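The block underneath contains the structure these notes are about, expressed in structure tokens.
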Amino acid sequence: MTMKIGIIGGTGLNNPNIFTDKIETVYNTPYGKPSDVLSFGKIHGVDCVLLPRHDRKHTIMPTNINYRANIYALKQAGCTHVVSTSACGSLQENCHPGDFVFIDQFIDRTTKRPSTLYDGEKGHLEGVCHVPMDKPFCEPLRQILIDTAKSLGFSHHTKGTVVTVEGPRFSSKAESKLFQSWGCDVVNMTTVPEACLAKEAGLLYSTMCLVTDYDCWKDDEGNVVSVDSVLQAFKENIEKAIQLIIAAVPKIAEKKWDEEIKKLNESVNNAQM
């Protein structure tokens, strides 16, 4: 099986210069157009595809991202894996700005997003798919990202629950404290439905969250999340995210993935009615 790794760049990570032999291709899908052109290239000789989630100029707010088109376009492009990045707010004291969190669970608090490729519309995937979501992320892929962060000496957390909110506004303090009381570790605006759609599409998917702030649950004076603070924190740490991706790609390529892909496809097929 030919491997190709899709990279969904979140806030601040939209630079196709991480590739050699770069070309750009415009895609269209039965679900509409993805956020931007797909950039094809190689990292250490491994075929990769970069798609900026919010487009390269960051003009698409979280609710208006065409998650279905993004995932379907990566599938059309021949991707077998997807590594995504996401800026997030910390909900726990020990999860500091600049840390990576390799989430293993999510709670969905979105309300306005199409969340399945199997919606009964003409030209879309047919049927109804009750895809299992007990393990939203590909565990072997997640573990490679964790091991890579460890080898690079980056501060990280090997598991975590993200609560994905609708946005584009940030949480109220009451919401932030509620999410914290639920045991959530981080909050973002993009993991859902992206992770669910990737599984429906048969893509091995994992997310690396980069903490930019403490949301607003802390009672410290001045601890209020803002666009400026998020962008500044991500700018200061973006090079680490790029280093992690570049170092992880050849490790992903070293592994044989046939069994994982087979099991995922069987799971999706068995979930269809």
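Looking only at residues in region 67-115 that are β-branched (Val, Ile, Thr) and surrounded by 24 or more Cβ atoms within 10 Å (Cβ to Cβ), the one that is farthest from residue 153 (Cα to Cα) is 71. If you go through region 84-107 and keep only what is of a type outside the set (Phe, Trp, Tyr), touching a strand residue (DSSP E or B) at 6+ places or on another chain (Cβ under 7 Å) and in a loop (DSSP other than H, G, I, E, B), you end up with 91, 95, 96, 97, 98, 99, 103.
In this structure, does residue 15 turn out to be open to solvent by 30 Å² or more (accessible area, probe 1.4 Å), of a type in the set (S, T, N, Q) and modelled with pLDDT under 95? Step through it out loud before you land on a result.
Details: open to solvent by 30 Å² or more (accessible area, probe 1.4 Å): yes; of a type in the set (S, T, N, Q): yes; modelled with pLDDT under 95: yes.
Yes; evaluated as a whole, the condition is true for this residue.
The residues listed here are 32, 6; of these, the one that is surrounded by fewer than 21 Cβ atoms within 10 Å (Cβ to Cβ) and at pLDDT 95 or above is 32.
Within region 116-146, being open to solvent by 40 Å² or more (accessible area, probe 1.4 Å) and in a helix (DSSP H, G or I) holds for 139, 140, 143.
Just to be sure, is residue 200 within 20 Å of residue 77 (Cβ to Cβ), in contact with a Cys (Cβ under 9 Å, 6 or more places away or on another chain) and open to solvent by less than 30 Å² (accessible area, probe 1.4 Å)?
Judged against the criteria, residue 200 is a match.
Candidates 209, 216: the one that is part of a loop (DSSP other than H, G, I, E, B), open to solvent by less than 30 Å² (accessible area, probe 1.4 Å) and within 21 Å of residue 97 (Cα to Cα) is 216.
Scanning region 138-147 for residues that are β-branched (Val, Ile, Thr) and closer than 16 Å to residue 7 by Cα yields a single hit, 144.
The single condition among (1) open to solvent by 50 Å² or more (accessible area, probe 1.4 Å); (2) assigned to a helix (DSSP H, G or I) that residue 149 does not meet is (1). In the set 260, 239, 175, 194, only one residue is closer than 26 Å to residue 75 by Cα and surrounded by fewer than 23 Cβ atoms within 10 Å (Cβ to Cβ); that residue is 260. Pairs meeting the criteria (first residue in region 43-67 and over 17 Å from residue 198 (Cβ atoms), second residue modelled with pLDDT of 95 or more and of a type in the set (Ser, Thr, Tyr), beta carbons under 6 Å, at least 6 apart or on different chains) are 55/35; 60/35. Is it the case that region 115-129 has a residue that's at pLDDT 95 or above and closer than 27 Å to residue 233 by Cβ? Scanning region 115-129, I find no residue that is at pLDDT 95 or above and closer than 27 Å to residue 233 by Cβ, so the answer is no.
The values are calculated or read from the model by the stated rules, or taken from the named source; none is laboratory data. These figures come from a predicted structure and were not determined experimentally. Heads up, the Cβs are rebuilt from the backbone with ideal geometry, glycines too, and the neighbour counts pull from every protein chain shown. When the accessible area is computed, the model is the full protein with side chains, heavy atoms only, and any ligands, DNA or RNA have been set aside. Shrake-Rupley method; radii C 1.70, N 1.55, O 1.52, S 1.80 Å.
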